[in-house]
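Q: Would you mind keeping the following structure in view while I ask a few things?
The values are calculated or read from the model by the stated rules, or taken from the named source; none is laboratory data. From a predicted model like this one, the values you see are computed outputs, not experimental measurements. No Cβ is skipped: glycine too gets one built from the backbone with ideal geometry, and neighbour counts run over all protein chains shown. Each accessible area value is taken on the protein alone, full model and side chains, heavy atoms only, with ligands, DNA and RNA left out. Shrake-Rupley method; radii C 1.70, N 1.55, O 1.52, S 1.80 Å.
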Amino acid sequence: MRSLSRKVASLEKSQTLALSARAKKLQSEGIDVISLTAGEPDFPTPEIIKQAGIKAIQENFTKYTANQGIPELLKAISIKLQKENDIRFEPSQILVSCGAKHSVYGALQSICNKGDEVIIPSPYWVSYPEMVRLVDAVPVLVKTSPENQFKITPTQLRKAVTKKSKAFILNSPCNPTGAVYTKDELLALATVFEKTGLYVISDEIYEKVLFDGVEHFSIGSVNAIRDQVITINGVSKAYSMTGWRIGYLAAAREIVEGAEKLQSQMTSNANSIAQKAATVAISGDLTAEIRMMVGEFDKRRQFLIREFNSIKGIEFIYPKGAFYLFFSVKTYLKSVVDGKKLKTSDNLCEFMLTKHHVAMVPGTGFGNPDWVRMSYACSMQDLEKAVERLKRGFGELAPD
Ligand code: PMP
Ligand code: GLU
């Protein structure tokens with residue numbers, strides 16, 4: 001047999017998806033594993049959105065659509081961006097894709113050449129560096145500190161820029177840290193973007209999952225860099241629609257055109273039925289449903305903050321958005337389990353999974369091997385059980 005693709009061989013599998021699949025497999029084997037892996041809201045998709053999907057099927061809206069997306073969805077997105085984000089883009093400057101993940105990839109393909117550098121603050125969402133490598137560009141990871149809530153500063157950003165820099169990936173609210181940049185922080189970063197001309201891929205998928213009264217600000221609304229910013233969003237998190245696979249990007253027409261061309265050769269349009277449902281999600285009034293979901297996430301977040309504050313040696317930042325708790329297990333590394341030292345959070349997560357039946361994602365995939373990500377998009381009951389088990393697990397390990 002001839003050799004296979006080197007690029008694919010060197011690609012990392014998405015750790016979030018791999019671990020969530022592993023937890024599901026153990027559950028199907030009858031093991032009572034609590035999965036705090038993939039970030040996926042545990043609520044059903046709201047009823048009016050489901051009805052729109054059912055109606056689409058009944059009306060035989062089951063054929064290819066325009067590659068770019070159906071006009072009513074493009075229009076709904078354009079209105080939403082203007083109303084909620086102060087971003088003014090025509091429907092022609094929007095591309096609907098098969099999830100925000102697909103949109104991020106389309107954006108990178110549209111702007112990157114071989115050897116271009118893409119700056120990514122670390123910790124980062126698992127897929128960013130791998131997607132950058134897939135488009136033959138180079139991820140430049142900039143380590144941020146828990147003291148600054150894992151947010152990159154303008155000075156750090158300036159230092160990372162070279163002649164080869166092409167783009168920056170911004171994710172606020174952030175997966176995995178839950179950090180949310182304030183408007184002032186983003187305006188300060190925007191001045192660096194304006195000076196350097198970098199493209200900004202602003203992944204705003206968690207924009208509606210916010211706590212403690214913090215507000216979301218879209219960097220794409222800053223006029224001076226308007227044409228440099230590619231705003232990415234979707235329906236997965238805000239409307240509990242992860243399986244419907246609808247995301248979008250909004251940007252200057254040339255960028256959209258590139259991603260659109262690519263999509264026309266790869267997937268064609270996003271699912272027709274899901275596009276109808278997403279139109280209702282984005283143009284309808286789902287304030288009450290979103291408030292209910294975010295309210296539940298907040299109860300779980302507060303429960304975790306209380307509980308984790310009482311676990312010796314655990315450090316974490318208070319998440320202000322998204323639905324993850326990112327915590328340091330550094331003081332527990334070097335503990336000995338079955339005669340072997342726990343070296344990284346991978347070993348610690350393996351210990352918690354195999355011995356205590358709680359699945360979490362090690363920080364390795366997010367750029368912080370001493371940290372662990374826990375998703376609290378699960379029921380309170382499961383979360384209470386998981387915390388009990390984790391406390392037992394940590395109790396068996398000796399913090400430094
Ligand atoms: N960006 C971030 C930061 C995410 O956590 C996710 C989670 N899936 C996505 C993008 C992709 O979302 P989707 O493809 O489901 O729209
Ligand atoms: N974004 C979610 C997560 O980080 C879903 C899994 C994925 O798309 O990687 O868990």
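Q: Kindly evaluate Ile70 against the criterion of being within 23 Å of Asn223 (Cα to Cα) and either more than 16 Å from ligand 2 (Cβ to nearest atom) or hydroxyl-bearing (Ser, Thr, Tyr) (or both).
A: When the stated conditions are applied, Ile70 does not pass them.
Q: I need a count of the residues in segment 142-184 that are under 15 Å from Ile201 (Cβ atoms) and within 16 Å of ligand 1 (Cβ to nearest atom).
A: Here the count works out to 10.
Q: Moving on to the next point. Arg306 versus (1) exposed (fewer than 15 other Cβ atoms within 10 Å of the Cβ); (2) part of a helix (DSSP H, G or I); (3) in contact with a helix residue (DSSP H, G or I) (Cβ under 9 Å, 6 or more places away or on another chain): which is the lone unmet condition?
A: Here Arg306 clears every test but (3).
Q: How many residues does segment 192-205 hold that are hydroxyl-bearing (Ser, Thr, Tyr) and either surrounded by fewer than 22 Cβ atoms within 10 Å (Cβ to Cβ) or touching a Phe, Trp or Tyr at 6+ places or on another chain (Cβ under 8 Å) (or both)?
A: Qualifying residue count, segment 192-205: 2.
Q: Sticking with this one: Using beta carbons and a limit of 7 Å, which pairs, at least six apart or on different chains, have the first residue in segment 368-384 and more than 12 Å from Lys299 (Cα to Cα) and the second one among the charged types (D, E, K, R) and open to solvent by 60 Å² or more (accessible area, probe 1.4 Å)?
A: From residues that are more than 12 Å from Lys299 (Cα to Cα), the pairs are Asp370/Lys330.
Q: If you don't mind, there's one more thing I want to ask. Return only the number of the condition from (1) touching a residue at least 40 places away in the same chain (Cβ under 8 Å); (2) under 28 Å from Lys143 (Cα atoms) that Arg306 does not satisfy.
A: (1)
Q: Out of Phe327, Phe366, Phe303, which single residue is of a type outside the set (Asp, Glu) and in contact with a Pro (Cβ under 9 Å, 6 or more places away or on another chain)? Step through it out loud before you land on a result.
A: Numbers: Phe327 fails: in contact with a Pro (Cβ under 9 Å, 6 or more places away or on another chain); Phe303 fails: in contact with a Pro (Cβ under 9 Å, 6 or more places away or on another chain).
Only one candidate qualifies: Phe366.
Q: Also, I was wondering about something else. Select from segment 247-283 the residues that are outside any helix (DSSP H, G or I), open to solvent by less than 10 Å² (accessible area, probe 1.4 Å) and either under 26 Å from Ser221 (Cα atoms) or out of contact with any strand residue (DSSP E or B) (no Cβ under 7 Å at 6 or more places or on another chain) (or both) and list them in ascending order.
A: Of everything in segment 247-283, those that are outside any helix (DSSP H, G or I), open to solvent by less than 10 Å² (accessible area, probe 1.4 Å) and either under 26 Å from Ser221 (Cα atoms) or out of contact with any strand residue (DSSP E or B) (no Cβ under 7 Å at 6 or more places or on another chain) (or both) turn out to be Gly247, Tyr248, Leu249, Ala250, Ala251, Ala252.
Q: Can you find a residue that is part of a helix (DSSP H, G or I), surrounded by fewer than 22 Cβ atoms within 10 Å (Cβ to Cβ), among the basic types (Lys, Arg) and away from ligand 2 (no atom under 14 Å from the Cβ) anywhere in segment 207-225?
A: Within segment 207-225 (the criterion being part of a helix (DSSP H, G or I), surrounded by fewer than 22 Cβ atoms within 10 Å (Cβ to Cβ), among the basic types (Lys, Arg) and away from ligand 2 (no atom under 14 Å from the Cβ)), the answer is no, since none of the residues qualifies.
Q: How many residues, within segment 162-176, are open to solvent by less than 10 Å² (accessible area, probe 1.4 Å) and within 11 Å of Leu198 (Cβ to Cβ)?
A: The qualifying residues number 4.
Q: Starting from residues that are touching a helix residue (DSSP H, G or I) at 6+ places or on another chain (Cβ under 6 Å) and crowded, with 22+ Cβ neighbours inside 10 Å, keep the ones in segment 108-123 and report whichever is farthest from Gln265 (Cα to Cα).
A: Only one residue tops the list, namely Pro123.
Q: Continuing with this model, one more query. List pairs: first in segment 113-140 and within 22 Å of Gly178 (Cβ to Cβ) and of a type in the set (Ser, Thr, Tyr), second within 16 Å of ligand 2 (Cβ to nearest atom) and at pLDDT below 95, Cβ under 9 Å, 6+ apart or cross-chain?
A: Sorted first by the residue in segment 113-140, then by its partner, the pairs are Ser127/Ser14; Ser127/Thr16.
Q: Among the helices (runs of 4 or more DSSP H) confined wholly to segment 15-128, which include 2 or more residues that are under 19 Å from Ile201 (Cβ atoms)?
A: Filter on segment 15-128 gives 71-85, 100-111.
Q: Please work out which residue is nearest to ligand 2 (Cβ to nearest atom), limiting yourself to segment 226-250 and to residues that are of a type in the set (D, E, K, R) and farther than 12 Å from Gln275 by Cβ.
A: Of the residues in segment 226-250, the ones of a type in the set (D, E, K, R) are 226-227, 237, 245.
Retained after the next criterion (residues that are farther than 12 Å from Gln275 by Cβ): 226-227, 237.
Values: Arg226: 27, Asp227: 28, Lys237: 8 Å.
Of everything passing the filter in segment 226-250, Lys237 is nearest to ligand 2 (Cβ to nearest atom).
Q: Of the residues that make up segment 140-161, is at least one part of a helix (DSSP H, G or I), within 16 Å of ligand 2 (Cβ to nearest atom) and open to solvent by 10 Å² or more (accessible area, probe 1.4 Å)?
A: The answer is no, given that none of the residues of segment 140-161 is part of a helix (DSSP H, G or I), within 16 Å of ligand 2 (Cβ to nearest atom) and open to solvent by 10 Å² or more (accessible area, probe 1.4 Å).
Q: Moving to a separate point now. Scan segment 27-60 for residues that are open to solvent by less than 40 Å² (accessible area, probe 1.4 Å) and away from ligand 1 (no atom under 16 Å from the Cβ) and report the count.
A: 6
Q: In addition: Among the residues in segment 365-376, are any open to solvent by 40 Å² or more (accessible area, probe 1.4 Å) and either more than 22 Å from Tyr181 (Cβ to Cβ) or at pLDDT below 95 (or both)?
A: The answer is yes, given that some residue of segment 365-376 is open to solvent by 40 Å² or more (accessible area, probe 1.4 Å) and either more than 22 Å from Tyr181 (Cβ to Cβ) or at pLDDT below 95 (or both).
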